[in-house]
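Reading through the structure tokens given below for one structure.
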């Protein structure tokens, strides 16, 4: 009987990691193949972490906290494994007169977020001020290079001067109300945004005043290393489209923000925006 083929370990590892990347749903089954495969693939199980509730200690975040508290995993493991952290602070607290007590303490959140210190992409959705999220992240060593903030900008002013933004190269700022009329040249955080030392890509997602050339001019002139400024709106903006700057792209996208296919590594807003640009140029031509 012929012997079973034996792949070099590096090729075998590449095959399993590629499978985990392309088909994350099969990761739990891959972990059962062999001890060596478990060592290779277990970090992929934690590559994308969704933290979706402050009022219930459940889900992926709670599992990581338990692993840390029981010492079944070290913080260094999660620091190396977690690359995408999505934090949803959108509780229906107070509806129908019912108030839910927060189960997570600040100390537990600090332990969890510090363990995720190797995060590359951080998405914050909802009310970040209620739980002082930016301050919590600043107290950790987490310094992501992509931050996506989808907030209620009518009542929220994120402090972009905090050190959690120090390494940011790609920043998306979006309004969950999708009003197109929130930010203008008088926005209090404009100077801090201009002061981000590494910022190269900025997207304002349905939150900038559709007629404000002053805001756009201030961003283009004040952000020293900016390569790309994307303004995503519901409707055409002729006054902005007339601005002669190759770094500026105006994208018309009437779809809801999350009406996009999931990416292998979780929701990627830049991929969504790129798709909107492609749809726009397909319709109106590359020169539009």
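FYI, it's all coordinate maths here, none of it is from the lab. In this text, all values refer to a predicted model and were calculated from it rather than measured experimentally. Here the Cβ positions follow ideal geometry from the backbone for every residue, glycine too, while neighbour counts run over all protein chains shown.
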Practice task
Please arrange 148, 26 by counting, for each residue, the other beta carbons lying within 10 Å of its beta carbon, fewest first.
Solution key: 26, 148
Fill in the blank from the handout: Projected convex hull area of region 1-45, Cα atoms, direction-averaged, in nm², equals 3.5
Exercise for the section: Evaluate the relative contact order of region 117-158 (contact order divided by residue number), counting alpha-carbon pairs under 8 angstrom at least 6 apart; express in whole percent. Expected result: 59
Fill in the blank from the handout: Expected sort for 223, 228, 207 with the fewest Cβ neighbours (10 Å cutoff) up front is 228, 223, 207
Exercise for the section: Just need the relative contact order of region 1-45 here, percent rounded to a whole number, with Cα pairs under 8 Å and 6+ apart. Expected result: 36
